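J.: Have a look at this one before I ask anything.
The values are calculated or read from the model by the stated rules, or taken from the named source; none is laboratory data. Model, not experiment: these values are computed from the prediction. A quick note on method: Cβ atoms are made from the backbone with ideal geometry, for glycine too, and the neighbour counts reach across all protein chains shown. SASA here: full protein model, heavy atoms, side chains in, ligands and nucleic acids out. Shrake-Rupley method; radii C 1.70, N 1.55, O 1.52, S 1.80 Å.
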Amino acid sequence: MSVPTGQLVGKTAVVTGSSRGIGQAIALELAEAGAAVLVHGWRHPEEARVAAETIRQKGREVLVVLADLADPSQQDRLVEEAWQWRQGVDIWINNAGADVLTGQALNWPFEQRLEALWRLDVVATIRLSRQVGQRMKRAGQGVIVNVGWDGVHRGIETDGGQLFAAAKGAVMAFSRSLARALAPQVRVLCIAPGWIRTQWAQQASDFWQQRAIQECLLGRWGTPQDVANLVRFVVSPEASFLTGQIIEINGGTR
């Protein structure tokens, strides 16, 4: 479902992990809809600045904040800087996650990869959501969107499948409870992407390329833009009766 350009004018949005990939697509889409956007990054500062310049060219306000969200003190700093920027935040997207599927992380022991995922994907998401949620509740409004994984319910046999099932399953369960705690002032949703053409997907083997297409009823990989379109809808006023939901975006994969 599309949301008219300008639907989010006057809103302030924060997208963690928005220097590249899905997060960047979400940040650009929210800016296209009219929001001022805080772009967050850490390991790819130049890409964060490029994303910010693209948003600036759309005529939207933008701020770049670099912070290692595996560090609780930097989580706290991000929240404080976000609130000081425009005296409040309307939309918060917890997209940042540890990359344990590419690069040097592929050689890490299972336990080290689990620890990295747990600190960033789970603990950071929970701490940020709780801090942001309380501020939004006091302000009387807001939307938080967390990122899960559609494979939590069906499982995948690899080490990566086990890792992400544990981490994203925790995020999905937490999001449902947070929605109850913050209602009715704040809406909390969790999106659960399936086979999305991220950096890992672009270099995946032929086996995974074919598996993704075969398992998807629509016969293709999803794109970061597909996810961004969904996020733009769920944070908009048109989705004002949605909260406490896990929304899969996976082309019908089962």
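J.: Applying the Karplus parametrisation 6.51 cos²θ - 1.76 cosθ + 1.60 with θ = phi - 60° to the phi angles of segment 39-53, what ³J(HN,Hα) value in whole Hz is obtained for each residue in order, glycine and proline being reported as x?
T.: 8, 10, x, 8, 7, 10, x, 5, 5, 4, 5, 5, 4, 5, 5
J.: Any idea how far apart Glu111 and Ala181 come out in nm if each label point goes 7 Å out from Cα toward Cβ?
T.: Each label point lies 7 Å from its Cα, and together they span 3.0 nm.
J.: Based on the Cα atoms of segment 96-165, what semi-axes does the equivalent ellipsoid have, where each is the square root of 5 times one gyration tensor eigenvalue, given in whole Å with the largest first?
T.: On the way: eigenvalues 169, 40, 14 Å².
Semi-axes (√(5λ), whole Å): 29, 14, 8.
J.: Need the list of lysines near Lys168 for cross-linking: C-alpha distance under 26 angstrom, and skip anything on the same chain fewer than eight residues off.
T.: Correct list for Lys168: Lys137.
J.: Dividing the alpha-carbon radius of gyration of the chain by 2.2 N^0.38 Å (N being the number of residues), what value is obtained? List each step's numbers first, then the result.
T.: Values: Rg = 17.1 Å, N = 254, 2.2 N^0.38 = 18.0 Å.
For the chain, the normalised Cα radius of gyration is 0.95.
J.: Here's another thing I want to ask about it. Quickly work out the Asp76-to-Leu218 label distance, labels modelled 7 Å from Cα along the C-beta direction, and quote it in nm with one decimal.
T.: It is 4.2 nm.
J.: Quick check on segment 58-145: what does the Kirkwood estimate of hydrodynamic radius come out to from the alpha carbon pairs, in Å?
T.: 14.4
J.: On each of the three principal axes of the Cα atoms of segment 126-202, give max minus min coordinate, whole Å, ordered largest first.
T.: That gives 43, 22, 17 Å along the principal axes, largest extent first.
J.: Here's something else I'd like to know. For the chain, what does -39500 (n - 2.57) per DSSP helix run (n ≥ 4), summed and divided by total residues, give at 222 nm, in deg cm²/dmol to the nearest 500? List each step's numbers first, then the result.
T.: On the way: 9 runs with 112 residues, N = 254.
Value at 222 nm, helices only: -14000 deg cm²/dmol.
J.: Which value in Å is the Kirkwood Rh of segment 175-254 over different Cα pairs?
T.: Working: mean 1/r = 0.0715 Å⁻¹.
14.0 Å is the Kirkwood radius here.
J.: Same structure again: Hey, what angle do you get for helix 21-32 against the long axis of the chain, alpha-carbon based, 0 to 90 degrees rounded to 10?
T.: Roughly 30 degrees between the two axes.
J.: On to the next question. Roughly how many nanometres apart are two label points built 7 Å out from the Cα toward the Cβ at Gln199 and Gln57?
T.: 2.2
J.: Using the scaling law 2.2 N^0.38 Å as the reference, what is the normalised Cα Rg of segment 88-220? Before the final figure, lay out the partial values.
T.: Details: Rg = 16.3 Å, N = 133, 2.2 N^0.38 = 14.1 Å.
Expressed relative to 2.2 N^0.38 Å, the Cα Rg reads 1.16.
J.: Heavy atoms only, 1.4 Å probe, whole protein assembly: order Phe174, Phe207, Phe241 by accessible area, highest first. List each step's numbers first, then the result.
T.: Numbers: Phe174 40, Phe207 115, Phe241 200 Å².
These residues rank, largest area first, as Phe241, Phe207, Phe174.
J.: Can you sort Asp150, Asp68 by solvent-accessible area, 1.4 Å probe, largest first?
T.: On the way: Asp150 5, Asp68 45 Å².
Solvent-accessible surface, decreasing: Asp68, Asp150.
J.: Using the alpha-carbon atoms, what tilt in degrees (0 to 90, nearest 10) does helix 125-139 show relative to the longest principal axis of the chain?
T.: Taking Cα atoms only, the helix is inclined about 20 degrees.
J.: Sticking with this structure for a sec: Give the aspartates and glutamates reachable from Lys11 as a straight Cα distance under 17 Å; neighbours fewer than 8 places away on the same chain don't count.
T.: Glu29, Glu32, Glu61, Glu81, Asp90, Glu238
J.: Could you sort Trp200, Trp108, Trp149 by accessible area so the largest value comes first, with the probe set to 1.4 Å? Numbers along the way, then the final one.
T.: Details: Trp200 65, Trp108 85, Trp149 40 Å².
The ordering from most to least exposed comes out as Trp108, Trp200, Trp149.
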